[in-house]
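First the structure, in the form of structure tokens, and then the observations on it.
The values are calculated or read from the model by the stated rules, or taken from the named source; none is laboratory data. A quick note: this is a predicted structure, and the numbers were derived from the prediction, not measured. Cβ coordinates were reconstructed from backbone atoms using ideal geometry, including for glycine residues, and neighbour counts include every protein chain displayed. Surface accessibility is based on the protein's heavy atoms, side chains included, excluding ligands, DNA and RNA. Shrake-Rupley method; radii C 1.70, N 1.55, O 1.52, S 1.80 Å.
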Amino acid sequence: MSVLRLFKLYLLLWVVFGLDASVVAAPKQKPAAVATVPAADSLAAAFGAMPSMWGVRLSPDGSKISFLTMDRDELPMLVIYDFTTGTIKPILSSVPNIADLQWCKWANADRLLCGYTGIVFNGYVLYGTTRLVAVNSNGSKMKVLMQRQLSENFAQFQDRVVDYLVEDPQHVLIQVPVNQSTGTARLNIYTGGLEDKTQQMENVRHYISDGRGTPRLYSYFNGEKIYWKYRLAGETKWRLLYSDHIGSDQGSYSPQGFGEDPNKLYVLKSYEGRQALWVVDLTAHEDAKPTETIVYANPEADVANVQTLGKYDRLVAATYATDSTHNEYFDKEIERIVLSVGALYPDQQVMVTDESWDRRFYIILVTSDRNSGIYLRYDRENRQISIINSLYPELKGRTLSPMKAVRFTARDGVKVTGYLTRPQGEKQTGLPLVVLPHGGPYARDVWGYDWLPQYLAAKGYAVLQVNYRGSAGYGEDWKGQGGYKAWRQALDDITDGVRGSIKAGISDPARICAVGWSYGGYAALMSGVEHAELYRCIVSVAGVTDLDIYKYEARKYLKGKAVREFVGNESEVVVQGSPLKRAAQLKAPVLLFHGDRDINVQIKHSIKLDEALTAAAVPHEFIRYKGAEHSLERTSWRVDLLTRLGAFLDLHTTAPEQVAGGR
């Protein structure tokens, strides 16, 4: 991308995205139990690298792909690869210190739409905002869309495309936000003009189109309840489809979109205690309620999402996870492609991620626990497969560690599942152990490549990941009250997994540490409070440290009431379940990491815990990353984190035996 075009984009966006981000800030130093940080070692450099490509999309005719990658300044940029000519061309860049390029998608055969995200302060509120840019595949005719038309109003999210209007190469259907109201309009992707604007409706957050250019569904949220309203084909009247109070125990209701039939709406909602895929018939039935029919339900797991492909985003599969991720295919041709490619890559997960409009070309991702991922292009007409690229070329030549599903019996007799990753080599018992609870808490670990446990295994550690009660994917009973109200239950499951690994001889009881990110950081810290006898060190990355702070920060956002309901007000939760309020009970050394642009869990959590640990004379270290968001999506941040993490673990567990070929 030319300096002139980057400067032009900078001028167009700087008023809205005025950030002051930079590289890793110098950490605050603590005098006690602080590991000396070496220069980044080869393991940290290899496993901390961001992927070489993501957001891979086929052009409508399949002759090109677009993808995002990091430029030399560690900023996401758009790149186009032409299969016909073999040329690769950088097209569009992020704007330094202002906005990151987040996604790109082909709007027609030659023009792409791209979304930018930035994090800004509005008074004392830290919030995310988005902008939309269009550009031709050769890099010409770049234009910022929407911003100028909405400049006189507060318009936080400006990149929400409702329908790509694939039969109209000049326009897309876009959400038009104005203050607290939202409507829709046809957006000219060349001129930026808005046409056929609909009436703005207050508190409307999300429109869903039937895939043929007509919004048929919208969600309305007033802070207390969420409503979904629909309309029949050819009508303007909106009718109530679903409503529920925030914090209700009815289970989630999540419309996924329309299939090839523009009157069939697909929805994820509960069936016999687990999330299932339903179809809702929105064909005119006078004033009768639309009929709902089960499409797919799994007896063991929640349906997590659906997969759509092609020109009209047709439904091809329902996705769920047991020990690993599975797809229940409705499109038999896609299933045949997956099975054919899978025969060439046994014991791997094969996923079709994109399709050309004529259904000839496909993008396929192949990955596993020991394969960090490769992208393929499949030509259905000629039955040919070509390799595009590996996701992590820095790992070439390294043997990754197997991730095995494990099951253990918790103290109350319930079977709990998780994963154990052990280092390569002959020694498989008496290992130093890192217990790595997942974030969320309404999330889960699943079999596959993960850079953090693989780094730890390469360092010589066994890694235990537990899908404790409160995790997603196992149904409503397993979710229970959630990982905050039921924090003791989550910790009991994690602790029972650790004790089980000791009993089985896998881990050395004198060399165990807890490491976690987000809610996982909370769980690691609370494990150190409740079970100080088990842990030699504790690490929290962007962790929640106090539930009163969590609720207080959430009050500034629409999710405020939902967070208050989810966390609750009982002393057992907000006092006994607070690492901050119980900081003096932490006995093991603590290492904290946090980015100062984290919206998910704001840095105040780690700042306050840092102060409390200092007051209680608990040995610790606090590393702050300037400009970093929740996931630390820069190679330099991740390499620094792994380097410091590895040194800290080695210091407090004694250095594990060197893995053959590990460094």
Two pseudo-spin positions, 7 Å from Cα along C-beta at E565 and at A532, lie apart in nanometres by 3.9
What net charge do the residues around S401 carry, taking every other residue with its C-beta under 14 Å from that of S401, with Lys and Arg at +1 and Asp and Glu at -1?
+3
Sorted on mean Cβ neighbours within 10 Å (highest first), peptides 120-129, 164-173 come out as 164-173, 120-129
Order M403, M70, most accessible first, counting only protein heavy atoms with a 1.4 angstrom probe.
M70, M403
In whole Hz, the Karplus estimates of ³J(HN,Hα) for the range 206-211 (6.51, -1.76, 1.60; θ = phi - 60°; x where Gly or Pro) are 7, 10, 10, 8, 7, x
Using amide H atoms built 1.01 Å from N in the peptide plane, name the residues 5+ places from N389, or on other chains, whose amide H lies under 5 Å from its own.
Y375
Amide H of A616 versus every other amide H placed in the peptide plane: which residues, excluding those fewer than 5 positions away on the same chain, fall under 5 Å?
none
Using the Cα centre of the chain as the reference point, and only Cβ charges (+1 on K/R, -1 on D/E), how large is the resulting charge dipole? Debye, rounded to the nearest 20.
1000
T85 versus T191: modelled label distance in nm, points set 7 Å from Cα along the beta carbon direction
3.0
Post the alpha-carbon centroid distance, the range 386-416 to the range 568-590, in whole angstrom.
32
The long-range amide H neighbours of D598, using H built 1.01 Å from N in the peptide plane and a cut-off of under 5 Å, are I603
Which residues does the label zone of I385 cover in the range 340-365, counting backbone N under 11 Å from a point 7 Å along Cα→Cβ?
340-351, 364-365
Mind ranking 50-56, 391-397 by how tightly packed they are, going by the mean number of other C-beta atoms within 10 angstrom, highest first?
50-56, 391-397
Between Q180 and A504, what FRET efficiency follows from the Cβ-Cβ distance if R0 is 56 Å, with the result rounded to 0.05?
0.50
Keeping all protein chains in place and using 1.4 angstrom, which order do E629, E476, E570, E553 fall into by accessible surface area, from largest down?
E570, E476, E629, E553
Where both residues lie in the chain, what percent of DSSP beta bridges are antiparallel, nearest 5?
85
At a 1.4 Å probe radius, which order do D546, D41 fall into by accessible area, largest first?
D41, D546
Accessible surface of R160 in the full protein assembly, 1.4 angstrom probe, to the nearest 10 Å²?
90
Ordering of 531-543, 202-214 by packing [mean C-beta count within 10 Å, highest first]:
531-543, 202-214
Ignoring ligands, DNA and RNA, what accessible area per residue does the chain give at 1.4 Å, in Å²?
42
Dipole-positive endmost among A504, V515, S93 within the chain (Cβ charges, Cα centre)
S93
In this structure, the FRET efficiency calculated for Q156 and D261 from their beta-carbon separation, with R0 = 30 Å, to the nearest 0.05, is 0.35
